[in-house]
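Worksheet for the structure shown next.
The values are calculated or read from the model by the stated rules, or taken from the named source; none is laboratory data. For clarity, every value in this text was computed on a predicted model and none was experimentally measured. All Cβ positions, glycine included, derive from the backbone under ideal geometry; neighbour counts span all protein chains shown. Surface areas here come from the heavy atoms of the whole protein model, side chains and all, with no ligands, DNA or RNA. Shrake-Rupley method; radii C 1.70, N 1.55, O 1.52, S 1.80 Å.
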Amino acid sequence: MKMTAEDLKTFLKNVVVMIEEQKEYLCELDRKLGDGDHGVTMSIGWQAVNEKLEAELKDEQDCGKICITTGRTFLSAVGSSVGPLYATGFMRGAKAFQGKSELTDVELKDFWVAFVEGIKERGKAEVGDKTMIDTLQPTLESLQTNFEKSNDFLAAFSEAVIAAEQGMESTKEMLSKRGRSSRLGERSLGTKDPGATSAYLILDTFLTTIKSAQVA
Amino acid sequence: MKKLINNPTVVVEEMIEGYVKAYPKHVRQLEENARALVTAKETCEGKVGVLIGGGSGHEPAFMGYIGSGMADGVAVGNIFASPPPDPILEATKVIDKGEGVIYIYGNYAGDVMNFGMAAELADLESGIRVGSVLVTDDVASAPKEEKEKRRGIAGEFFVTKAAGAAADKGYNLDDVVRVAQKANDYMRTMGVGLTPCSLPQTGKPSFELEENEMEIGLGHHGEPGIEKGELQPADQVVDRLVHDILADMPIEKGEKVAVLVNGLGSTTRMELYIMFRRVEQILSEKGIEIHRSYVGDYSTSLEMGGASVTILKLDEELAEFVDHAADCPMYVQK
């Protein structure tokens, strides 16, 4: 498959739209576990990215630069804990895209591997802690295994998003061990982690974007 | 919930604008970053810079504590969210007078990452030495065995005070860090929540409590506490809070302490003084001397109802620092 810089920007714009649609839902999940602002925080960050997409990134064709700007902009707009996490993800991933205006299957795979590894390193959370890592780690494992078999990014990523969804759903039955919600103990049971949920939604948005790019 | 605001998305910007205009002799907003505030008075060469910060919504914390004897710089985040590294870094560059800068912030995942990244950048880009002290005074946020996981709440005031005084007296960075760390280690806080706050952007209450309920150990951002129960008279609530503090950090007869009874936003001074009255009774019964006391809104959670009690055990050094003069827009001590 092929993905262009324009497709990458379409993906980022689709995330902006998706976050606005899901903002209330993400806040609702967060009210049960934390201070209820996850949707607002994501919205602040992605709206800032949107401004860049409409200005300095409008004609940018270097996919690496697009990702670096996305990460930096998101971080500067939100701080919080998702700021450093997603910024690290995008900036580490950017290395796979440096100087490229068209992306190959291998580069796309390398991007998401570096993205997840970067977030893991920054946040130091483990699977089972009820965080975005519960979505991202199964995604990483599934992507690597399936890509090794087929060398087909679209097929492997489709499988990875299924794993991501299962990972997200699994947070419902977990006790919070990281972040502010860790003080909840058993009261954290029964609610999906908002960070795991938004991470899944971003991955799913990437999948729908590349699928429609292939059709076009 | 009703709020006197213009537009929820710019509340932080408009708040800072008003604050800076209200106290031009005390604070200055940096051109490089609108979320970085520094003291308007030039600090002397060789003084360790004191930088604090965190999310908005805790006013007068943190920007109310810029001034002599307290903080030299503040990084302001979105509501209840850590500031990103940029304002922290910009303020660091301005307040460094060659002796380095101490970062004091609450132990929250976001703050740890953002202040950590800023400290690395300060060293890499500008060769500024940064020491960090994480405030962990909230007894209810983790058991004693996992004390390092505890969050920082109202007690950050005392840590800032100790560090600010030490820096003022010309201590070097290692000693300012040592003193701030000691203040944190000698201090415990327990809080109670009565009514929720609401974020300007969502307008929804951050948690739910029945009309007749209270919650012991409720977090500073509406994070659920450790125990929900029927609302009790102030004396009984204070008995519980002080009991939990002393069980966690025993204080001997004859020892000196500083006490902070902090309101969370909508709890009245009347209620806070009623609470302090009981704290004083308990401590004097035990022969513990209150060296200095603070009652009021020092660190709030928007319009949350509730209060916390902080007890800081004083040795000679900390007692001297607690007595040190301070001149900030929101806090003056002579």
**Asked** Within the stretch B:168-188, is even one residue open to solvent by 10 Å² or more (accessible area, probe 1.4 Å) and assigned to a strand (DSSP E or B)?
**Response** yes
**Prompt:** Which residues, taken from the stretch B:255-270, are surrounded by fewer than 17 Cβ atoms within 10 Å (Cβ to Cβ) and closer than 23 Å to B:Lys147 by Cβ?
**Reply:** B:Glu255
**Complete:** Filtering the stretch A:61-114 down to residues that are open to solvent by 10 Å² or more (accessible area, probe 1.4 Å), in contact with a Lys or Arg (Cβ under 8 Å, 6 or more places away or on another chain) and aliphatic (A, V, I, L, M) yields A:Leu85, A:Met91, A:Ala114
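Looking at B:Leu302, B:Leu272, which one is of a type outside the set (Val, Ile, Thr), touching a strand residue (DSSP E or B) at 6+ places or on another chain (Cβ under 6 Å), without any contact (Cβ under 8 Å) to a residue 60 or more places away in the chain and not in a strand (DSSP E or B)?
Details: B:Leu302 fails: without any contact (Cβ under 8 Å) to a residue 60 or more places away in the chain.
The match here is B:Leu272.
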**Request:** With the checklist (1) over 23 Å from A:Ser158 (Cβ atoms); (2) within 14 Å of chain B (Cβ to nearest Cβ); (3) under 14 Å from the mean Cα position of the chain (by Cα) in hand, flag the one item A:Tyr86 doesn't pass.
**Result:** (1)
**Complete:** Within the stretch A:27-60, residues being surrounded by fewer than 24 Cβ atoms within 10 Å (Cβ to Cβ), of a type in the set (A, V, I, L, M) and touching a residue at least 60 places away in the same chain (Cβ under 8 Å) number 1
**Request:** Quickly run through the stretch B:221-254 and pick out the residues that are within 14 Å of chain A (Cβ to nearest Cβ) and open to solvent by 30 Å² or more (accessible area, probe 1.4 Å).
**Result:** B:Ile226, B:Glu227, B:Lys228
**Request:** Enumerate the strands (runs of 3 or more DSSP E) found wholly within the stretch B:27-145, keeping only those where 2 or more residues are open to solvent by less than 10 Å² (accessible area, probe 1.4 Å) and not assigned by TED's automatic domain parsing to the domain that holds B:Gly296.
**Result:** B:36-39, B:49-56, B:73-79, B:101-106, B:130-135
**Asked** Any idea how many residues of the stretch B:301-334 are in contact with a His (Cβ under 8 Å, 6 or more places away or on another chain), buried (at least 18 other Cβ atoms within 10 Å of the Cβ) and of a type in the set (S, T, N, Q)?
**Response** 1
**Prompt:** Out of the stretch B:80-120, which residues are facing chain A (nearest Cβ under 7 Å) and under 18 Å from the mean Cα position of the chain (by Cα)?
**Reply:** B:Phe80, B:Ala81, B:Ser82, B:Pro83, B:Tyr108, B:Ala109, B:Gly110, B:Asn114
**Item:** Sole exception among (1) in contact (Cβ under 8 Å) with a residue 12 or more places away in the chain; (2) more than 22 Å from the chain's Cα centre (by Cα); (3) more than 20 Å from B:Ile290 (Cα to Cα) for B:Gln181, by number
**Value:** (2)
**Prompt:** So, of the residues in the stretch B:205-220 that are closer than 12 Å to B:Val192 by Cβ and either within 14 Å of another protein chain (Cβ to nearest Cβ) or aliphatic (A, V, I, L, M) (or both), which turns out to be surrounded by the most Cβ atoms within 10 Å (Cβ to Cβ)?
**Reply:** B:Leu218
**Request:** Would you confirm whether any residue within the stretch A:126-135 is more than 25 Å from B:Lys149 (Cα to Cα) and of a type outside the set (A, V, I, L, M, F, W, C)?
**Result:** no
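Would you check which residues across the stretch B:122-146 are aliphatic (A, V, I, L, M) and in contact with a strand residue (DSSP E or B) (Cβ under 8 Å, 6 or more places away or on another chain) and list them?
Step one: of the stretch B:122-146, the residues aliphatic (A, V, I, L, M) are B:122, B:124, B:128, B:130, B:133-135, B:139-140, B:142.
Residues satisfying the conditions are B:Ala122, B:Ile128, B:Val130, B:Val133, B:Leu134, B:Val135, B:Val139, B:Ala140.
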